[in-house]
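The values are calculated or read from the model by the stated rules, or taken from the named source; none is laboratory data. What you are looking at is a predicted structure, and each value in this text was computed from that prediction instead of being measured. In this analysis, Cβ positions are derived from the backbone assuming ideal geometry, glycine residues included, and neighbour counts consider all displayed protein chains.
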Amino acid sequence: MSRHKKQLESFIKNLRSENFYNAHEDLEVLWFERRFEDSDEVRLLKGFINASVCFELHKKNRIEASKKVWNNYLKYRDLIEHINSPYVEKYRLIIDEIEKIKKSFIK
């Protein structure tokens, strides 16, 4: 299994366990090394990081900050439609997981 796929799997596991800080760290390593690329895939990774930060802020009762970060996630979410990557299906699964958490975690 590739490093990229391992990090995505770990991100999903941490989301499902509500370990949002660790989820953020899982993708930070992938995003950081590619952060200067002009790539929708890199921006989508940044969006996933924003979603996990949003949930962590919400857990800490920082609701207004959480909402701002959620809006950043929304800005990147639809980039999935423009990505040509071997990880597209995994990214779609991540979006589904994020949406489930949003519905159950944030009322």
The one condition in (1) more than 24 Å from ARG34 (Cα to Cα); (2) assigned to a loop (DSSP other than H, G, I, E, B) that SER66 fails to fulfil = (2)
query = For segment 82-98, does any single residue satisfy the condition of being farther than 18 Å from LYS13 by Cα and charged (D, E, K, R)?
reply = no
remark   = Counted residues in segment 9-46 being more than 22 Å from SER66 (Cα to Cα), assigned to a loop (DSSP other than H, G, I, E, B) and either touching a His at 6+ places or on another chain (Cβ under 7 Å) or charged (D, E, K, R) (or both) come to 3
key: Unique match (being of a type in the set (S, T, N, Q), out of contact with any helix residue (DSSP H, G or I) (no Cβ under 7 Å at 6 or more places or on another chain) and either surrounded by 13 or more Cβ atoms within 10 Å (Cβ to Cβ) or touching a residue at least 12 places away in the same chain (Cβ under 8 Å) (or both)) among SER17, SER2, SER39, SER10   = SER39
query = Are any residues in segment 67-84 of a type in the set (D, E, K, R) and touching a Gly at 6+ places or on another chain (Cβ under 8 Å), and if so, which ones?
reply = LYS75, ARG77
request  = Could you give me the residue pairs with C-beta distances under 9 Å whose first residue belongs to segment 55-84 and is closer than 21 Å to SER104 by Cβ, whose second residue is among the charged types (D, E, K, R) and not in a helix (DSSP H, G or I) wherever it lies, and which are 6+ apart or on separate chains?
outcome  = PHE55/GLU18; GLU56/ARG62; LYS59/GLU18; SER66/LYS60
ask   = Out of the residues in segment 32-54 that are more than 13 Å from ILE94 (Cβ to Cβ) and of a type in the set (A, V, I, L, M, F, W, C), which is farthest from the chain's Cα centre (by Cα)?
value = PHE36
inquiry  = Take LYS59 and tell me if it is more than 10 Å from the chain's Cα centre (by Cα) and at pLDDT below 95.
reply    = yes
ask   = Quick one: would you say GLU25 is over 11 Å from the mean Cα position of the chain (by Cα) and either under 16 Å from PHE105 (Cα atoms) or not small (Gly, Ala, Ser) (or both)?
value = no
